[in-house]
Structure formats: structure tokens, C-alpha cells
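The block underneath contains the structure these notes are about, expressed in C-alpha cells.
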Amino acid sequence: MVNGKKIFFFILGGAFAFILVSAEPTVKLSPVEELGKKLFFDTNLSSPPGQSCAVCHDPKAGWTGGTENPAGVYEGATKGRFGNRKPPSSAYAGGSPVFHVNKDGEFVGGMFWDGRATGGNWGDPLAEQAGGPFLNPLEHNFPDRKAVVLTVRKSDYAGLFEKVWTVKSEDWDARPDKLYEYICRAIAAYERSAEVNPFDSKFDAFWRAAVAKSLRPESISSDNIRRFEGLGLDAAELKGLVLFAGPAKCVNCHTLTPGPKQTCPVFTDFKYDNIGIPRNPRNPFYAMESSFNPDGKAWADEGLGDYLKSVPRYASLAAANVGKHKVPTLRNVDQRPSPGFVKVFGHNGVFQSLKEIVHFYNTRDFGKFPPPEVKANLNTEEMGNLGLTEADEDALVVFLKTLTDGFVPDHR
């Protein structure tokens, strides 16, 4: 198999030839994961129909927006209505804990850029997040939970839904809130599946090779880099990893902490930070009608702090968290449908290349970028004046490209 395609050899005129044929997915999904997949890709689950979860979480684009869009945000099911943030990846998110304050006074967990899918209702932030877009008028635009449930009832996988959740025919009308929860939990199950989280990037192959030799790749540095040579990453990629884990300070938030039993890291600490991202003038949300954006062009995305203002028990902590957004995973950060596809970065999509956002992290404080959209609570300790060279920045970009899933080793 090469790049997800099967190779078939045959003899033609005494010579060998071969053809590439698309392969079926090799991951076997459980019934609830299969149900979640059908829900995830169902374009009827919007009002009007036409928008699936995959519009903003396309596997070909690393489970983020799959249509090239320099604005960074996407139009919902209703023409002319746009969201206000770039879709984060829906992969490698299942480990985010229930939203809470840790011993250091930092907010951790939850889902969405601002943490509002806390997991406090169902005990699962990922499932609660899955239920948000269906009822958002800027996204799937359903009027209520029952409308979503009854749309699933009419689907060709309704029988699978009933089997997975032991649903009776009368439940569709009598228990819409519970069935809505089942819909969201099924989507979360798929998002946690090995199909969405294969851990099969070039970096993963390197990580496993290092662990097999009793090395701890999370401890790599310029002092011990030679121990990691010949394990799958080339010299430039290893240099980028050393910078990532050291002078570039990336690892402070995009951690290399291994999972259970030394499994590969997911490159986020699930916390919140204000890295000083400028406003994105291309964002169509600034021009949205006042019912959705009463502040118009003056709107500023206050992220976590804005959400905390709405929660009485956290309201006193809102000011200290204004401008902060959730630290995203870096897995598949460079995955794109085609080499020329312009992928955007940052919670508002203001950056249009990996090189640009890496340069921003390195040199933000030199005055060559627009000012932060929100100046409060700016991170000045881990970025902004890192002193990296252009060659260092290039090495970081090279390393980040090793986090793309679907790596096929070259055994020629």
C-alpha cells in the first residue's frame, strides 16, 4: 500500500506493470463509532440541508476547514452567515478533560476555542462540543434538539442508531433530549476512533523507534541528539525537534508528554493562552448583521474571558483570562488536500502559512506585526522575542510537517 492506495501488479507484454487503486479504510470501527461517522458526514444534518460536520472538519485538511478560505472562517448552512473563528481540529481532542481550574489557578480542558463546552453536563467535553454547531444559527442552524433528532430518524442509518442505543420507536418523539445526547456521544466516539486518531505520522514512527531503544524522545536536546539519529527523522527534522523542545519553547504548551504506556503525545496541554494574535481583517464576521454581531467592526474576540463572564462562579476570574484561547493540537498542522492549498493558522485564521506563524512566535515583539487584537494577559515569557535565526524557523517548519498522518516509510 502506498499513500492509502493498493498496488496491483500484472504482466503486460512480458513486462511488469502496476496500477494504484484506492483502498478501503483499514480501521474497523465499532458500531457506535460507525454510527458517529455516518452522523459526522451526513449533509442532511443542517437547516437547510447541505452542511455536515466535515465542512469545517475535513480529514483531508487535518480535520479542519477543507475548502480553501483565506478568511479563515466558514459560511454556515444559511447563506451569508459566517462563524467568528477558524475551526479547530476535531482529531486528537478526546483527551481534553472536563473544564476546571488546576492547582496553579489555570483553566484546563473543555472544548471550543473558549472552553464553553465544559463537559459539566454529560461528563464529556467532546460530546458536548459535537452538539454545539447543530443549534448554532451561524453553523447548522437547527431550531432545537428535537429537529436534529427527527432528521436522524429519517436517515438511512436510523436502524443502526436504534440498535446501538437500544432506542424504541416511541422514543424519537418522547425522549428528544436523551436521543440528542446519544447523537453527540456517537460523534464523539467516532472522533476518538483510530480512524480519526491513527498516530501514524512520521513523528510517530520515530517516537516508537526511540521508545523501542529505551530512549525518552520527550527529553531530546542538543546534548543528546546523536542518540536519536537513524530512528526515522532526518537531520533537519531532528534539529527542528530539538528547537521545539528547547530554545523555541513550543513544548511549554504543545507538550511532548507521552500518553499512557509511553504512547505518542498529542501536542497540547489543553490550557488557554493569549499569544497576541492580531485581528483578521478578512473575517466576514465583522460585517455580520447586528443580531449576530452587535459590535460590528469594533468586535474583539475575548475568548475564554468572555465565556467566564457568563458563568457566575467564574466571573471573578474573567478579567485575568480575557484574550486567552485554547492551545490547539499541532498534529496534522500541515495536512492539506493538495500541495498548493492555502491553510490558515491561529484561532482567527490570520496567518496563511506555517512559516508566517512560526516567525510570529519568534519575533512578535519587534513591531513588524499588527498589534494584538486583545492586549490583556499577553504571554511575554514564552514567545515574542525568542532570538531564533531564519534557519531555526525553517527547521521548526520542517519538523512540524512530520506530524502529518498517513506517513508511508520509503523502504526502497
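Filter segment 56-73 for residues that are among the hydrophobic types (A, V, I, L, M, F, W, C) and modelled with pLDDT of 90 or more; which is surrounded by the most Cβ atoms within 10 Å (Cβ to Cβ)? Looking at the filtered set, the residue picked out is TRP63. Only residues that are out of contact with any Pro (no Cβ under 9 Å at 6 or more places or on another chain) and either free of Cβ contacts under 8 Å to residues at least 12 places away in the same chain or within 22 Å of ARG153 (Cα to Cα) (or both) were counted across segment 189-217, and they come to 5.
Residues in segment 315-337 that are in contact (Cβ under 8 Å) with a residue 24 or more places away in the chain, out of contact with any Cys (no Cβ under 6 Å at 6 or more places or on another chain) and part of a loop (DSSP other than H, G, I, E, B): VAL322, GLY323, PRO328, THR329, LEU330, ARG331, ASN332, VAL333, ASP334, GLN335, ARG336, PRO337. Only a single criterion out of (1) buried (at least 20 other Cβ atoms within 10 Å of the Cβ); (2) over 19 Å from the mean Cα position of the chain (by Cα); (3) within 27 Å of GLY115 (Cβ to Cβ) is not satisfied by LEU378, namely (1).
Going by the structure shown, is GLU356 part of a loop (DSSP other than H, G, I, E, B) and of a type in the set (D, E, K, R)? Full working, then the answer.
Values: part of a loop (DSSP other than H, G, I, E, B): no; of a type in the set (D, E, K, R): yes.
Judged against the criteria, GLU356 is not a match.
Residues that are acidic (Asp, Glu) and under 23 Å from PRO59 (Cβ atoms) occur at least once in segment 201-224. Among the numbered conditions (1) surrounded by fewer than 16 Cβ atoms within 10 Å (Cβ to Cβ); (2) closer than 22 Å to GLU373 by Cβ; (3) of a type outside the set (Gly, Ala, Ser), the only one that ASN274 does not meet is (1).
Every residue, every condition in (1) assigned to a loop (DSSP other than H, G, I, E, B); (2) surrounded by fewer than 17 Cβ atoms within 10 Å (Cβ to Cβ); (3) out of contact with any Cys (no Cβ under 9 Å at 6 or more places or on another chain), yes or no:
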| residue | (1), (2), (3) |
| --- | --- |
| SER89 | yes, no, yes |
| GLY119 | yes, no, yes |
| GLY123 | yes, yes, yes |
| LEU126 | no, no, no |
| PHE161 | no, no, yes |
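Specify which of the listed residues (VAL311, VAL327, VAL322) is aliphatic (A, V, I, L, M), within 27 Å of GLU106 (Cα to Cα), touching a strand residue (DSSP E or B) at 6+ places or on another chain (Cβ under 7 Å) and surrounded by fewer than 22 Cβ atoms within 10 Å (Cβ to Cβ). Let's see the steps before the verdict.
Values: VAL311 fails: touching a strand residue (DSSP E or B) at 6+ places or on another chain (Cβ under 7 Å); VAL322 fails: touching a strand residue (DSSP E or B) at 6+ places or on another chain (Cβ under 7 Å).
From the options VAL311, VAL327, VAL322, the qualifying one is VAL327.
Counting the residues of segment 128-150 that are surrounded by 19 or more Cβ atoms within 10 Å (Cβ to Cβ) and assigned to a helix (DSSP H, G or I) gives 9.
From ASP223, ASP200, ASP269, grab the single residue that is more than 27 Å from GLY109 (Cβ to Cβ) and assigned to a loop (DSSP other than H, G, I, E, B).
Numbers: ASP200 fails: more than 27 Å from GLY109 (Cβ to Cβ); ASP269 fails: more than 27 Å from GLY109 (Cβ to Cβ).
Going through ASP223, ASP200, ASP269 in turn, the sole match is ASP223.
With the condition kept exactly as written, say whether any residue in segment 170-188 is touching a residue at least 24 places away in the same chain (Cβ under 8 Å), of a type in the set (Phe, Trp, Tyr) and over 19 Å from LYS38 (Cα atoms). No, segment 170-188 has no match at all.
The values are calculated or read from the model by the stated rules, or taken from the named source; none is laboratory data. These figures come from a predicted structure and were not determined experimentally. Cβ sites come from the backbone with ideal geometry, for glycine too, and all protein chains shown count toward neighbours.
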